[in-house]
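Report on the structure given below.
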Amino acid sequence: MNRKVFICHSSKDYEKVSLVKEKLESLSLQPVVLFHASIGSNEDMDTVIKMNIDSSESYVLCDSTNAKASYWVQAEIKYITSKNVQYETIDLEASDINVEQSAERVGRRILNALVKDSGKNEDDKQEIWVFLSHSNKDYEKVIKVRDLLEKHSFRPLMFFLKCLNDKDEIDDLIKREIDCRGRFILCDSENARKSDWVKREVEYIQSKQRVYQTIDIDAPVEKIAEDVLEFKKKSTVYISYTHNDEGLYTQLASMLRDDWDFAVFDPKQMATGTSFSDTITSTMDNALTSGMIIFVITESFVKSPWCIKELSYVIDRVKLKDEVHNVLLLQDEKLNSDSMSQLVLNDKIPVCKIKILDGKLMIDSRRLYWEFMREQISEGVRRKDPNALFILADHFYWDDDRFDNYNTRGMRVAAAKMAKEAAEKGHPSAQHLYEMIISDYPEIENEIK
């Protein structure tokens, strides 16, 4: 997919054009911005411009009084239109924040057009946008995280807003981006821990009751790659259900896509001519290693030979290896023990009993996601994984209401204990969390000695 976007602009609009460039780069596009002074003669300029226009897939005019008066801008537009292609327009004489918003809309339209040209639409591709919270001083390290995410078909968003000076504008822009994203990564480092912006971003993400994953960008690239792969495991979902429960599937799929940006497999979108059985098996295999499987256990499910076959297949796979498995059973609480006894279950697979009322699951996306996260973290804790200990401690401390089996004070003590243990095992951010808990609640320190 050709992501090059040629930017027609006047060199006199450098600051506003840089704003557009940064926004398009944050959407993983490749804006081409040429400056006459860096090229040389007019003949060289003409050649370089045409070469870059020919190699680009999309075109944006940064419109302004300066652009209208520029010979080169008019020549670029003339050459672009001679190729019988269209271009997008951004009004640079609007406010900085409006220019940012226009660049965002234009960038998304370009991405949608690129996806359609590749034979898929945006829904089929189910791209997952990820907000990266990071320090601007870690540019090169964050770029590595971005590249790894893109290899796994994510759409990472980075912000390097050097063109904006108004802190209120930056704050408002970042909050709007967080509001419309479902997945978040904290690029943790010494610089990030000193950054007021990173702190404000994380606090705002937490205030929206969102979950974020921490990646230590000071770690070796192999460890960062492992963390990105672990992030991917929490991003793709296969839902096993009967046709009688299609309404429950639709509710679950919508919840996971809209609230958490998960990609959900839809059997209706299978290509014609493919084997249904082979496709389902392959999809479940992929979900076990790089995603998540949810079984919706109802009376109809228990009576369905196909659903029982799917469940048995996954249970057999779980038995083969002693590793973390991304499987969750949502059981209708009305199912009696006789019905459940027909299923051969495995104690490694968590069961979450839920209420179904008038054909709807009485569970919100926060609890659903946390049921899954809790099992993943618990398995990591069982294996003495310091990263899992840290994540669990972080959630205990910040998200009290998610642990309704614990009192608040007990949870803070538990969080401090786990943070301390994770710090002793070498987790880079755990010591900071432990010190923060003790600072807020100094009386806890005596209880964990």
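The values are calculated or read from the model by the stated rules, or taken from the named source; none is laboratory data. Computed from a prediction, not measured in an experiment: that's the story for all the values here. Ideal geometry is used to build each Cβ from the backbone, glycine not excepted, and the neighbour counts take in all protein chains shown.
Screening Tyr249 with (1) surrounded by 15 or more Cβ atoms within 10 Å (Cβ to Cβ); (2) at pLDDT below 90; (3) not in a loop (DSSP other than H, G, I, E, B) gives one miss only, at (2). Residues that are small (Gly, Ala, Ser) and under 23 Å from Thr47 (Cβ atoms) within segment 70-112 comprise Ser70, Ala75, Ser82, listed in sequence order. All told, Ser55 falls short of being closer than 22 Å to Glu22 by Cβ and modelled with pLDDT of 85 or more. Among residues of segment 329-342 that are part of a helix (DSSP H, G or I), those with a Cβ under 8 angstrom from a residue that is crowded, with 17+ Cβ neighbours inside 10 Å and not hydrophobic (A, V, I, L, M, F, W, C), sequence gap 6+ or separate chain, pair up as Met340/Gln331.
Criterion first (more than 39 Å from the chain's Cα centre (by Cα), at pLDDT 90 or above, surrounded by 11 or more Cβ atoms within 10 Å (Cβ to Cβ) and among the hydrophobic types (A, V, I, L, M, F, W, C)) does Ala67 satisfy it? Considered against the rule, which asks whether it is more than 39 Å from the chain's Cα centre (by Cα), at pLDDT 90 or above, surrounded by 11 or more Cβ atoms within 10 Å (Cβ to Cβ) and among the hydrophobic types (A, V, I, L, M, F, W, C), Ala67 comes out as no. Say whether the condition of being at pLDDT 80 or above, among the acidic types (Asp, Glu) and buried (at least 19 other Cβ atoms within 10 Å of the Cβ) is met by at least one residue in segment 358-368. No, every residue in segment 358-368 fails to be at pLDDT 80 or above, among the acidic types (Asp, Glu) and buried (at least 19 other Cβ atoms within 10 Å of the Cβ). For segment 79-102, the candidate set comprises residues that are under 18 Å from Ser11 (Cα atoms) and of a type outside the set (Ser, Thr, Tyr); within that set, the residue that is nearest to the chain's Cα centre (by Cα) is Val99. Of all residues in segment 81-101, those that are part of a helix (DSSP H, G or I) and touching a residue at least 40 places away in the same chain (Cβ under 8 Å) total 4.
Could you grab me the full set of residues in segment 433-449 that are among the charged types (D, E, K, R) and assigned to a helix (DSSP H, G or I)? Those that are among the charged types (D, E, K, R) and assigned to a helix (DSSP H, G or I): Glu435, Asp440, Glu445, Glu447. Scanning segment 1-42 for residues that are modelled with pLDDT of 90 or more and in a loop (DSSP other than H, G, I, E, B) yields His9, Ser10. A Cβ distance below 9 Å, combined with a sequence gap of six or more or placement on separate chains, defines the contacts here; from segment 1-14, residues that are over 12 Å from Val33 (Cα atoms) reach residues that are part of a strand (DSSP E or B) and modelled with pLDDT of 90 or more in the pairs Asn2/Ser58; Arg3/Ser58. Only residues that are surrounded by 15 or more Cβ atoms within 10 Å (Cβ to Cβ) and of a type in the set (D, E, K, R) were counted in segment 70-90, giving 2. Figure legend. Inter-residue proximity from segment 414-433: first residues in contact (Cβ under 8 Å) with a residue 12 or more places away in the chain, second residues acidic (Asp, Glu) and in a helix (DSSP H, G or I), beta-carbon distance below 7 Å, spacing 6+ or different chains. Indicated pairs: Leu433/Asp394.
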